[in-house]
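Written out below as structure tokens is the structure these notes cover.
Please treat every number below as a calculation from the coordinates, not as lab data. No experiment lies behind these values; they were computed from the predicted model shown. With ideal geometry, Cβ positions are generated from the backbone for all residues, glycine too; neighbour counts draw on all protein chains shown.
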Amino acid sequence: MSFFFGLLLVGFVQGCLYALIALGYTLVFGILQFINFAHSDVVMLGAWFAWKYAQWMGVSFSVISIGTSLGILGLSVLSCAAVGFTIERLAYRPLRHAPRINILITAIGVSLFLENFTQLPYVFGSRDKAMPQLLDVYAGFDVGGVRVQYFQIITVVFAFALMALLSLLVYRTRLGRAMRAISFDTRTASLMGIPTGRVIAYTFVLGSALAAAAGILTGVAFGSLSQPSSTSWIRFGLKAFICAVVGGIGSIEGAVAGGLLIGITEQLAGGYISSSYADAIVFGVLILVLMVRPSGIFGVTMREKV
Amino acid sequence: MKAARISAGVGALLCVLGFLLWWGPDHVGYKIALLGLQTAWHASAGLAWAGVGALLMVFGALPCLAGVAIIRGLHDGRLGRAASWGAGLIAWFGLFALFEPREELGYGIGLLLTLLGAALAGPTSIYVWVRSRAARDRAVASAKAASGTLLVVESLDVHYGAVHALKGISLEVQQGEIVTLLGGNGAGKTTTLRALSGLVTPSGGRVLLEGREIATRTGALPPDQIVRLGVSHAPEGRGIFANLTVRENLDLGAYQRRDRAAIARDLEHALTLFPRLRERLRQRAGTLSGGEQQMLAIARAMLARPRLLLLDEPSLCLAPTITQVIFQIIRDINKEGTTILLVEQNAHQALKVAHKGYVLETGEIVMHDDAKVLAASDEVRKAYLGVG
Ligand SMILES: Nc1ncnc2c1ncn2[C@@H]1O[C@H](COP(=O)(O)OP(=O)(O)O)[C@@H](O)[C@H]1O
Ligand SMILES: [Mg+2]
């Protein structure tokens, strides 16, 4: 039984990280009806920025104070937010009225650019690196034979706090109202006096910040970073994208539900069946859900977005 | 104004930054400063991309802000200019503090920055506050004083690709009037309104709002800025956000406004005009009937507190009794001082409430006159009133 709960815990934590990333896909899709393929690269950038800042601050690998950890976290989240903003401004905004396929191809281009540019020796380099332990990931306690790490608790609390903040923002604030209006009808939203371009930029900023947080937490949990263009980043982003689709792309609740569902399924499948089939099973879940509910768990109607 | 606001912001930022440098927990300030130094080192390594990277760094934002403040300051009043120059200089100064690797000096400069930032942010915030109040009072006064021609459209052309939808139409709307634009399907009525609210850019001619150009061949102001100038457009097909509640739709109408008390008053007023909406405030707008949606569209447009209200076929697909209610309310809104440009196919009703009318046919104005004259003219009676 403790084996089961152990898997459940790990899956839940993993699911929270997927959910954070899935939110970015879902926010952008809700507003622009396009899939931001460069999103998984922002996750990668988040983790690598943290690595770079830790290096520059001369952080040693053993002892780091909370202040420095938070500083590094904050800086790389901010940097990713800036990157998200820049991508939207330079790559997507000029194509606002172009056919959707153009934006899609551009997104793939942006993704390739980020993966390869960041491999330059003066950026992040093309090798895997050890991630500084911003927190002690091994400390923890046992509950009935299940090892619970403080880091897992922090990850879950942090992720849920971010998701709660996001849904407050979307459902309770002026900006959120504007986002939902744009997702329903951009033209009419602009007639309300909403500066649509700016609100769209904010959406990218938000999504990128969440992705960065997920990237850093993942890097710290693993203790090492795959090189920027590694397929493990792409696979990570792809799974988060599947979470968004399973939950119903465009829906915030859906992204969270999908993230947890996929995260837990993946772990249970890996533990009980075979870790080499875990990915296949995740894709199986995707196919099953889409057969039963083509628009995802929470995707009730197509117009119900963001 | 903007410059003062920015310099207040920069001042506040400096305050925080200086405080971090000087007293930061865990020497964060100092570490951030080191980061700045490293960034600069990379930038000066002669690699162009590192320069771009450095700009992207958080501290790259400081000189940028200062630059913006200085440029803005050149266009602004004397005090704003002085404040932004000051902020700019301090920002540069702050940058040097970041390059300074010796701890003591870094902390000393940090303290200095805190004091300077506070000295700058305090007075400028007060200045901004006073100025913005004065500006609001002035705006209210000038809106009261303004009279005469509100909107002028001069030989406006609009193309949709190869389709020539408007062929050089001209019209004028005086302050306080209801002007109606009549015409059959595809005449170009909706296109006219779209050009007025910035949704399409004209291919010729221009649109003037109180003498100010809002759309010309070379470009139109974006819709949100036109809303800010006091033009509110209730679009064809109502444009209700079905996924939001009625209340949220109404709130969006007041998106540009910050005067909460006045918004609450206007909301109350709108709900008195449309009591049906009050009962349905928390309901999804998509569940409203057609008539209620039209009421919501008008109420929402009113909440922007427009000087010019553009209504696109408010009576479309409505039962006759509801149509009566809507036209009565259009008249009431006008009596309260809002100028209205009313697009209609229901010429009979529109000419009853309007002061003046224009008739549009395939993108050209074929007739314009007082509403009474139009209602009596043979052509209009034949073509639009089903008499003849
Ligand atoms: N988005 C568009 N693309 C191409 N042609 C359009 C578009 N919108 C309107 N038109 C054309 O412009 C002309 C005027 O349309 P419109 O302004 O909607 O007329 P009305 O509102 O008077 O019915 C019509 O011939 C219509 O077919
Ligand atoms: Mg029309």
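Given the DSSP H assignment, sum -39500 (n - 2.57) over each helix run of at least 4 residues in chain A and divide by its residue total; what's the result at 222 nm in deg cm²/dmol, nearest 500?
Roughly -23000 deg cm²/dmol at 222 nm, from the helical runs in chain A.
Viscosity 1.306 mPa s, temperature 10 °C: what is the translational diffusion coefficient of the range A:85-175 from Stokes-Einstein with a Kirkwood Rh over Cα pairs, rounded to a whole number of µm²/s?
Reported coefficient: 89 µm²/s.
Would you mind telling me the antiparallel percentage of the DSSP bridges in the range B:148-384, rounded to 5?
Beta bridges within the range B:148-384, antiparallel portion: roughly 60 percent.
Which translational diffusion coefficient, to the nearest whole µm²/s, is obtained for the range B:148-384 from the Stokes-Einstein equation, given a Kirkwood hydrodynamic radius over C-alpha pairs, 4 °C and 1.567 mPa s?
This corresponds to a translational diffusion coefficient of 72 µm²/s.
Average projected area of the Cα convex hull of the range B:287-388, in nm²?
7.2
Can you bin every Cα-Cα distance in the range A:1-57 into 5 Å intervals starting at zero and give me the percent of pairs per bin, rounded to whole numbers?
Calculated over all Cα pairs of the range A:1-57, the distribution is 4, 15, 16, 15, 16, 14, 11, 7, 2, 0 percent.
Averaged across orientations, what area in nm² does the convex hull of the alpha carbons in the range A:167-297 project?
9.7
Exposure proxy check: A:SER276, A:SER111, B:SER170, A:SER76 ranked by fewest other beta carbons within 10 Å?
Lowest count first: A:SER276, B:SER170, A:SER111, A:SER76.
Residue by residue through the range A:8-13, what is 3J(HN,Hα) from phi via Karplus (6.51 cos²θ - 1.76 cosθ + 1.60, θ = phi - 60°)? Round to whole Hz and write x for glycine and proline.
Couplings: 4, 4, 4, x, 5, 4 Hz.
Determine the equivalent ellipsoid of the range A:3-108 by diagonalising the alpha-carbon gyration tensor, then write out the semi-axes as square roots of 5 times the eigenvalues, largest first, rounded to whole Å.
31, 22, 10
Based on DSSP loop calls and a cut-off of at most 12 other Cβ atoms within 10 Å, the longest stretch of chain A free of exposed chymotrypsin sites (Phe, Trp or Tyr not before Pro) is what?
Longest run free of exposed loop sites: A:139-276.
In vacuo Debye scattering of the range A:17-228, one point per C-alpha: log10 I(q)/I(0) at q = 0.13 Å⁻¹?
One equal scatterer on each Cα of the range A:17-228 leads to -0.76.
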